[in-house]
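The values are calculated or read from the model by the stated rules, or taken from the named source; none is laboratory data. These figures come from a predicted structure and were not determined experimentally. Every residue, glycine as well, gets a Cβ built from its backbone with ideal geometry; the counts of neighbours run over all protein chains shown. These accessible areas exclude ligands, DNA and RNA; they are computed on the full protein's heavy atoms, side chains included. Shrake-Rupley method; radii C 1.70, N 1.55, O 1.52, S 1.80 Å.
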Amino acid sequence: MYLKDSKNGDLVEIIDLGGLFDPFVADVSGRYHAGEEMQDTQSFTKQALIFPSGEALPRCWVDANYKQ
(Lines give C-alpha, C1' and ligand atoms only; values in the text may rest on other atoms or scores of the structure.)
Protein backbone atom coordinates (compact mmCIF):
# COMPACT_ATOMS: atom_id res chain seq x y z
CA MET A 1 0.00 0.00 0.00
CA TYR A 2 1.24 3.48 -0.82
CA LEU A 3 0.71 6.48 1.41
CA LYS A 4 2.13 9.99 1.26
CA ASP A 5 4.48 11.64 3.73
CA SER A 6 2.65 14.83 4.71
CA LYS A 7 5.93 16.61 5.47
CA ASN A 8 7.52 16.35 2.03
CA GLY A 9 4.78 14.91 -0.23
CA ASP A 10 6.78 11.81 -1.25
CA LEU A 11 5.10 8.44 -1.68
CA VAL A 12 5.86 5.82 0.96
CA GLU A 13 5.45 2.09 0.33
CA ILE A 14 4.17 0.60 3.58
CA ILE A 15 5.81 -2.73 4.39
CA ASP A 16 4.08 -3.42 7.72
CA LEU A 17 0.37 -3.42 6.89
CA GLY A 18 -0.55 -5.11 10.17
CA GLY A 19 1.07 -2.27 12.09
CA LEU A 20 -0.69 0.28 9.91
CA PHE A 21 -4.12 -1.09 10.82
CA ASP A 22 -3.28 -1.56 14.54
CA PRO A 23 -4.22 1.58 16.54
CA PHE A 24 -1.76 0.61 19.31
CA VAL A 25 1.24 0.88 16.96
CA ALA A 26 2.53 4.43 16.45
CA ASP A 27 5.22 3.75 13.83
CA VAL A 28 5.25 1.54 10.74
CA SER A 29 8.06 0.35 8.52
CA GLY A 30 8.15 1.47 4.93
CA ARG A 31 10.35 2.97 2.26
CA TYR A 32 10.18 5.99 0.02
CA HIS A 33 9.09 5.21 -3.52
CA ALA A 34 11.44 7.48 -5.42
CA GLY A 35 14.19 7.08 -7.95
CA GLU A 36 15.17 3.99 -9.91
CA GLU A 37 16.73 2.04 -7.04
CA MET A 38 14.81 0.53 -4.13
CA GLN A 39 15.19 2.74 -1.06
CA ASP A 40 16.14 1.48 2.40
CA THR A 41 13.40 0.55 4.84
CA GLN A 42 12.81 3.03 7.66
CA SER A 43 10.30 3.82 10.37
CA PHE A 44 7.49 6.30 9.72
CA THR A 45 5.14 7.84 12.28
CA LYS A 46 1.54 7.18 11.33
CA GLN A 47 0.62 10.73 12.33
CA ALA A 48 2.83 11.99 9.46
CA LEU A 49 1.21 9.77 6.81
CA ILE A 50 -1.82 10.56 4.66
CA PHE A 51 -3.48 8.96 1.66
CA PRO A 52 -2.18 10.09 -1.77
CA SER A 53 -5.48 11.95 -2.23
CA GLY A 54 -4.66 14.11 0.80
CA GLU A 55 -7.14 12.48 3.18
CA ALA A 56 -6.06 11.63 6.73
CA LEU A 57 -5.77 8.02 7.87
CA PRO A 58 -8.91 6.59 9.48
CA ARG A 59 -9.12 7.33 13.18
CA CYS A 60 -9.46 3.60 13.98
CA TRP A 61 -5.92 3.10 12.58
CA VAL A 62 -4.25 5.77 14.73
CA ASP A 63 -6.32 6.17 17.92
CA ALA A 64 -6.77 3.23 20.29
CA ASN A 65 -9.73 5.03 21.94
CA TYR A 66 -11.57 5.75 18.70
CA LYS A 67 -14.86 4.34 20.02
CA GLN A 68 -15.12 6.95 22.76
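Values for this structure:
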| quantity | calculated |
| --- | --- |
| Residues in the range 1-44 reached by a label modelled at Y66 [backbone nitrogen below 12 Å; 7 Å Cα→Cβ] | 20-25 |
| Positive-end extreme of charge dipole, the chain - chosen from I14, Y2, W61 (charges on Cβ) | W61 |
| Local net charge near G35, Cβ-Cβ under 14 Å (Lys/Arg +1, Asp/Glu -1) | -4 |
| Accessible area per residue in Å² at 1.4 Å probe, computed on the chain | 67 |
| Protein accessible area in the chain, 1.4 Å probe - carbon and sulfur % | 49 |
| Matching label, semi-axes √(5λ) of the Cα gyration tensor in Å computed from the structure shown, candidates (i) 22, 13, 8; (ii) 23, 14, 12; (iii) 17, 12, 11 | (i) |
